[in-house]
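Taken together, the values in this text are just the output of simple stated rules run on the coordinates, not laboratory data. Fair warning: this is a prediction, and the values are worked out from it, not measured in the lab. Using ideal geometry, Cβ is built from the backbone for each residue, glycine included, and neighbour counts are taken over all protein chains shown.
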């Protein structure tokens, strides 16, 4: 008969703090890097002949996604990705007044031992979309680089014509690959009702076209449904970071940039288009400029505002409504239609 061990994993961007309770032994604790090599080392440490390990980790979005996929692939591991709010309430019930990584790890171990187990199910469609979007992003960067090289080559009479022709062929090949992968991404989206609904909602926002919608949706689809909008902002690295010490050191507040750079990049161009063509976000942007904000600070605030709008659109299945972001003088909020999955399809 297999023996069951209980494990809790506290996930951060760079490391994993792991607690493991084996039957008849005190809880062991180890730290692993949050890298593919660290994930393999963790699996080896958890393993043992005739043993099953029940692992509980909190839903931390992309920080824990690769680890969840690796653990889920291990036959001897039963994985649960717990709602952070449920874990926090469980810690309060245990009278845990302090909070740090070792305490959080012990709470997760006890959560695995006491609470009903719900096995994690990997989001197949979301993962396929995520992989396609990452490849599209790489090809887009390569296309921009080749386009710049072609522009420079056409300005230099010293370069052979063969170089120009080769760059043109390279650009045409990249454009065909981008079109092909975009079609495949849209096909993946269309086969999943929830992804398709969210894709249609994204297209309702001024500034978000099909390419941006694919990129944004790919980054958001792999996040846990339990995250709130502040956690979305933190996942994107758009949360403000203050730096001060005493009464003399007060640096400018900047965004943390500790989150998903791909999501930040996907929001940049839609925000840039929105401040030109969407009246509410344009007014919000200009109002920040009049308050003395730098242009980039104001644009980042629009990116954050747009992410808030997307969260509300997804949560309430409603198309974009600029009045809910920034009210223009004398403007009243109009009722918006609700999207259904069938209508989105």
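The slack between residue 290 and residue 272, meaning 0.36 nm per residue of separation minus the straight C-alpha distance, is 4.7 nm. Ordering 212, 204, 12, 138 by the number of other Cβ atoms within 10 Å of each residue's own Cβ, fewest first, gives 138, 12, 204, 212. Subtracting the Cα-Cα distance of residue 145 and residue 113 from their residue separation scaled by 0.36 nm leaves 6.2 nm. Counting other Cβ atoms within 10 Å as a rough exposure proxy, the listed residues 69, 299 run 69, 299 from fewest neighbours to most. Ellipticity at 222 nm from helices only: DSSP H runs of n ≥ 4 in the chain, each -39500 (n - 2.57), divided by the residue count, give -18500 deg cm²/dmol.
Compute the angle between helix 210-221 and the longest alpha-carbon principal axis of the chain, please, reported from 0 to 90 degrees and rounded to the nearest 10. Between helix and principal axis, roughly 10 degrees. Maximal additional length on extending the residue 190-residue 125 stretch stands at 22.4 nm, based on 0.36 nm per residue less the C-alpha distance.
By the count of neighbouring beta-carbon atoms within 10 Å, fewest first, 58, 78 end up ordered 78, 58. In degrees, nearest 10, range 0 to 90: what is the angle between the Cα axis of helix 84-93 and the longest Cα principal axis of the chain? Compared with the principal axis, the helix lies near 30 degrees.
Kindly identify the stretch 3-114 as rounded, prolate or oblate by the Cα gyration tensor criterion: order the square roots of the eigenvalues as a ≥ b ≥ c, call it rounded if a/c is under 1.5, otherwise compare a/b with b/c, prolate if a/b is larger, else oblate. Since a/c reaches 1.5 but b/c is at least a/b, the shape of the stretch 3-114 is classed as oblate. With the simple spin-label model, which puts each label point 7 Å out from Cα in the Cβ direction, the residue 315 to residue 3 separation comes to 4.6 nm.
Between the helical axis of 101-114 and the longest alpha-carbon principal axis of the chain there is an angle of about 60 degrees.
When a/c reaches 1.5 or more, the comparison of a/b and b/c decides; with that in mind, is the chain rounded, prolate or oblate per its Cα gyration tensor? Because a/c hits 1.5 or more and a/b exceeds b/c, the chain counts as prolate.
Please give the FRET efficiency for residue 66 paired with residue 23, using the beta carbon to beta carbon distance and R0 = 30 Å, rounded to the nearest 0.05.
0.55
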